[in-house]
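Below you'll find the structure, written out as structure tokens, and then a few comments.
The values are calculated or read from the model by the stated rules, or taken from the named source; none is laboratory data. Because the structure is predicted, anything quoted here is derived from the model rather than measured. We place every Cβ from the backbone using ideal geometry, glycine too, and count neighbours over all the protein chains shown.
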Amino acid sequence: MRTRWTTAAITLALVGGLLAGLPGASSAHDPDTPAGRSSAVAFMAQREPTQQLTALAQVSCSNGQAGGYPCRNVDLLSFLPLSQIGGSQANDIWGWTDPGTGREYAIVGRRNGTSFVDISDPTAPIYLGNLPAYQNRTAIWRDIKVYRNHAFVVADVRGHGMQVFDLTRLRSVGSPQTFTADAHYNRFGNSHNIAINEQTGYAYAVGSNTCRGGLHMIDIRTPTSPAYAQCC
């Protein structure tokens, strides 16, 4: 299934990136090494404090502003601050459209977990809950991709591995939840990114502490039973 983006999701992504307050590109050092830990400390020292912001309803772009944000021919449909979708800082966002209901969701990678927000009505987003980081391992970089209605989450921190979450569980959520993963893959620890070939059903952990920094290939054709394939 091809992931679709909505204006609301893009808005969340832009604001999430701003609130993360982390300039520049993330380090390519292995965080398991002294050099990697030193690089992460230096990188985090550049961050700006998370701003204390309030939620906003729909605001039209007028005179170059929409709810206090610069704009040009784009209206602000809504805004949820990080404090209302799990807290901490954020660095990444992905999305999922439920093939059964047509509802749309934003999946937000944060320093200490992954947030799920129902954006089916982009003027009234609903925070559904948080998947905490594996063993509470916080990371300045978290990445998410979706395959067969499952989210695959990696983080650039030692010992995190890959979390797998069944997104169809979001259908029955009535109030914000603290979720648990449906599966966990531990053949690598840290990974900067994850890519998925939806035609073949293989995932590729990028920049991990395995495979000499090359691609770590995982068979995810059965999403809740990920299996090591090979280094490539």
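Numbers below:
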| read-out | value |
| --- | --- |
| Count of region 106-124 residues which are surrounded by 23 or more Cβ atoms within 10 Å (Cβ to Cβ) and not β-branched (V, I, T) | 7 |
| Condition broken by G68, with the remaining ones in (1) free of Cβ contacts under 8 Å to residues at least 40 places away in the same chain; (2) under 30 Å from H160 (Cα atoms); (3) among the small types (G, A, S) satisfied | (2) |
| Tally of residues being free of Cβ contacts under 8 Å to residues at least 60 places away in the same chain, small (G, A, S), surrounded by 15 or more Cβ atoms within 10 Å (Cβ to Cβ) and more than 14 Å from V164 (Cα to Cα) across region 203-226 | 1 |
| Meets criteria (over 30 Å from L76 (Cβ atoms) and in contact with a Leu (Cβ under 6 Å, 6 or more places away or on another chain)) for Y134 | no |
| Residue selected from region 149-202 under the condition in contact with a Lys or Arg (Cβ under 6 Å, 6 or more places away or on another chain) and closer than 19 Å to P99 by Cα, by the criterion surrounded by the fewest Cβ atoms within 10 Å (Cβ to Cβ) | G201 |
| Positions within region 37-60 being touching a Pro at 6+ places or on another chain (Cβ under 8 Å), modelled with pLDDT under 70 and hydrophobic (A, V, I, L, M, F, W, C), in sequence order | A40 |
| Strands (runs of 3 or more DSSP E) enclosed by region 125-214 - at least 2 residues per element that are more than 15 Å from S115 (Cα to Cα), of a type in the set (A, V, I, L, M, F, W, C) and modelled with pLDDT of 95 or more | 193-197, 202-206 |
| Residue check for I144: surrounded by fewer than 20 Cβ atoms within 10 Å (Cβ to Cβ), closer than 16 Å to W94 by Cα and in contact (Cβ under 8 Å) with a residue 12 or more places away in the chain | no |
